[in-house]
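Read through the structure below, which is laid out as structure tokens, and then see the notes.
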């Protein structure tokens, strides 16, 4: 199909599996040699929705208001963490998203929570699960810095649970994918009641995980793998059949290996901060000299409540004793999330370049990146645009 071919050629695919879900078996996801998922066309298909709903090229933000900060629509911002010390330690940061999910289940506001966890009988590969209780949530919490086919079975899940409603936890692009899908298939519009997003700096390939594991010098594959958690930020930790446990710090794993092997689409991401969610959360890093400090500590999230529904949920969970909160000035997030802050000011320049070189394939609306680009350092933005153009042209030649 021409649209899918163009998306792949320009390295704009996120590997989410949404095109497979709506293609009636004609499109199937496959793992590439680079360690990312891409769709493969079994035969020609003219499904009108595939290009329209692909979150790689289509994101429409409906959470817009008069509040136009660099962080998008923010009804309230707070620090928070789980009241359960076990959840707080096990999670990637403060455990707030897990606590909110458990609260929604135990207060019977949803029947299940849709989120990604590691596949059964594997240490590496990820898939979408329906969690229905506290144990399910905790078995599948903490970050998975690798690809996942999030949506390839979403219609099957919704049809098999026709009378049930869900909360959905995902990366910002996953939130966009789910909302795009529901917009195109309105018969499912009541299925997802809450959207909870996790700040995202990009999705590394499976090859990146293998590269990180190779530094341990073990010939066999691990039995289990944690990217983070069991502390904050926690360690990249692999356990093996012989009883060995090997680990490296977050700065070593993400900063030196995982975060350096991202697809091109992640480098022009218009939303790493959950603009479309009801609540978006990230690491409320302690800071040192204006930059995040990754010294091990008790986990803590900052949370952007982006909708009134999200704020109501947050307050209910606090009153019910699931989370502890503290006041946070929105301006302080700049130092906690320096990378996201700087990217918000640069990504508009990158997107403008890709739009020009692809004939306007990207359909991004309401995300505020052009406004933030013009409010940033314009000289730096222009330099970044030229660098993006060089990388993109080289990439497209490689992809044929």
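The values are calculated or read from the model by the stated rules, or taken from the named source; none is laboratory data. Remember, it's a predicted structure, so these values are computed and weren't measured experimentally. Cβ atoms come from the backbone with ideal geometry, glycine included; neighbour counts cover every protein chain shown.
Structural remarks
- Taken over the stretch 122-148, residues that are out of contact with any strand residue (DSSP E or B) (no Cβ under 9 Å at 6 or more places or on another chain), closer than 26 Å to residue 301 by Cα and assigned to a loop (DSSP other than H, G, I, E, B) amount to 1.
- Check on residue 151, in contact with a helix residue (DSSP H, G or I) (Cβ under 6 Å, 6 or more places away or on another chain), buried (at least 23 other Cβ atoms within 10 Å of the Cβ) and in a loop (DSSP other than H, G, I, E, B): yes
- Residue count, the stretch 265-297 (criterion: modelled with pLDDT of 95 or more, out of contact with any helix residue (DSSP H, G or I) (no Cβ under 6 Å at 6 or more places or on another chain) and over 28 Å from residue 58 (Cβ atoms)): 1
- Residues of the stretch 223-255 satisfying the condition of being surrounded by 19 or more Cβ atoms within 10 Å (Cβ to Cβ) and outside any helix (DSSP H, G or I): 225, 226, 227, 228, 229, 232, 233, 234, 235, 236, 237, 238
- For beta carbons closer than 6 Å, sequence separation of 6+ or different chains, a first residue in the stretch 384-397 that is at negative phi and modelled with pLDDT of 90 or more and a second that is crowded, with 20+ Cβ neighbours inside 10 Å and part of a helix (DSSP H, G or I), the qualifying pairs are 384/346; 384/349; 385/349; 385/353; 388/350; 388/353; 389/353.
- Selection status of residue 258, touching a helix residue (DSSP H, G or I) at 6+ places or on another chain (Cβ under 6 Å) and more than 30 Å from residue 365 (Cβ to Cβ): yes
- Only listed residue being buried (at least 21 other Cβ atoms within 10 Å of the Cβ), within 18 Å of the chain's Cα centre (by Cα) and either modelled with pLDDT of 95 or more or assigned to a helix (DSSP H, G or I) (or both), chosen from 177, 259: 177
- Against the conditions (1) more than 15 Å from residue 74 (Cβ to Cβ); (2) out of contact with any strand residue (DSSP E or B) (no Cβ under 7 Å at 6 or more places or on another chain), residue 308 satisfies every one except (1).
- All positions within the stretch 182-222 that are more than 16 Å from residue 116 (Cβ to Cβ), in contact with a helix residue (DSSP H, G or I) (Cβ under 8 Å, 6 or more places away or on another chain) and in a helix (DSSP H, G or I): 182, 183, 184, 188, 208, 212
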